[in-house]
Amino acid sequence: MAQTECRVCGAEKSFFFVSADGTDYYRCPSCLATFAGGEFLLGPEEERSRYACHKNDPSDQEYRRFLSKLADPLLDRLGTPKEGLDFGCGTGPALAQMLEDVGHHISLFDPFFCPDGAALERQYDFVTCTEVFEHFHNPARELKLLDRLLRPGGLLAVMTCFQTDDAKFKEWHYRRDPTHVVFYKEETMRHVAEIFGWGIEMPVKDVVFFTKAD
């Protein structure tokens, strides 16, 4: 079995990595991303029904603590109030509320629950993607969009669970969610930064900040 193109970086020679729970996964030798074969991706209706079950209540203090893993270092970086976009905000824009509480202006976009095309026609000082990257069916396309959404000097803040241990991939809880179809190593994120000419830092585990050049 072979996969001709990496859906993250576009490299032409990805290879079969492992089969788990009836799904075949492939590995890119260039960026080290791991992704489910295209024939195993869920359709939009099944995706939506699964996402609708997510409990993303902005008033849930436990969920807010989870999001603070990204929000705290992001707020340290942003300083004065800025314009941001919560890309993939889901059913409850808790992160947006957390950022607005301290003065930032946040727009929302989600392909299922907030499909505001106008939000994708502007540029922002920062864009957040919390627990979103692992759901992308076509990360290369989404990364190009995110680059376009950033103003020069803008910051893209991403939170996703990095894949670290190949030997435990089949048993990894994060892989077992059928809507999680792409998995990134730290090396993957550095490769993405090189492709777009972005600066990169990883302030805490499973969080990466990309900075677009001025």
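Yes or no: L70 in contact (Cβ under 8 Å) with a residue 12 or more places away in the chain, touching a His at 6+ places or on another chain (Cβ under 6 Å) and surrounded by 15 or more Cβ atoms within 10 Å (Cβ to Cβ)? For L70, the condition - in contact (Cβ under 8 Å) with a residue 12 or more places away in the chain, touching a His at 6+ places or on another chain (Cβ under 6 Å) and surrounded by 15 or more Cβ atoms within 10 Å (Cβ to Cβ) - is not met. So if I check each of C6, C31, which one is in contact with a helix residue (DSSP H, G or I) (Cβ under 6 Å, 6 or more places away or on another chain) and buried (at least 20 other Cβ atoms within 10 Å of the Cβ)? The conditions single out C31.
Residue by residue, here is whether (1) over 17 Å from S68 (Cα atoms); (2) surrounded by 15 or more Cβ atoms within 10 Å (Cβ to Cβ); (3) without any contact (Cβ under 8 Å) to a residue 40 or more places away in the chain; (4) not basic (K, R) holds:
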site	(1), (2), (3), (4)
C89	no, yes, yes, yes
A94	no, yes, yes, yes
V102	no, no, yes, yes
D110	yes, yes, yes, yes
C114	yes, yes, yes, yes
D125	yes, yes, no, yes
T130	no, yes, no, yes
G153	yes, no, no, yes
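When you check A71 against the structure, is it aliphatic (A, V, I, L, M), in contact with a Pro (Cβ under 7 Å, 6 or more places away or on another chain) and under 22 Å from L149 (Cα atoms), yes or no? No. Can you name the residue in segment 19-60 that is in contact (Cβ under 8 Å) with a residue 60 or more places away in the chain and of a type in the set (F, W, Y) and is also farthest from H137 (Cα to Cα) among such residues? The selected residue is Y51. If a residue must be at pLDDT below 95, of a type outside the set (V, I, T) and outside any helix (DSSP H, G or I), how many such residues does segment 53-101 contain? Here the count works out to 13. Checking each residue in segment 157-205 for being surrounded by fewer than 13 Cβ atoms within 10 Å (Cβ to Cβ), touching a residue at least 24 places away in the same chain (Cβ under 8 Å) and assigned to a helix (DSSP H, G or I) picks out only R176. Could you tell me which residue of segment 102-125 is nearest to Y63 (Cα to Cα), considering only residues that are among the acidic types (D, E) and part of a strand (DSSP E or B)? Only one residue tops the list, namely D110. Of the residues L99, L120, L146, L150, the single one that is farther than 30 Å from S49 by Cβ and in contact with a strand residue (DSSP E or B) (Cβ under 7 Å, 6 or more places away or on another chain) is L150. Which members of segment 41-61 meet the condition of being surrounded by fewer than 13 Cβ atoms within 10 Å (Cβ to Cβ) and of a type in the set (A, V, I, L, M, F, W, C)? Correct list: A52, C53.
The values are calculated or read from the model by the stated rules, or taken from the named source; none is laboratory data. Just so it is clear, the structure is predicted and the values come from calculations on it, not from any experiment. Every residue, glycine as well, gets a Cβ built from its backbone with ideal geometry; the counts of neighbours run over all protein chains shown.
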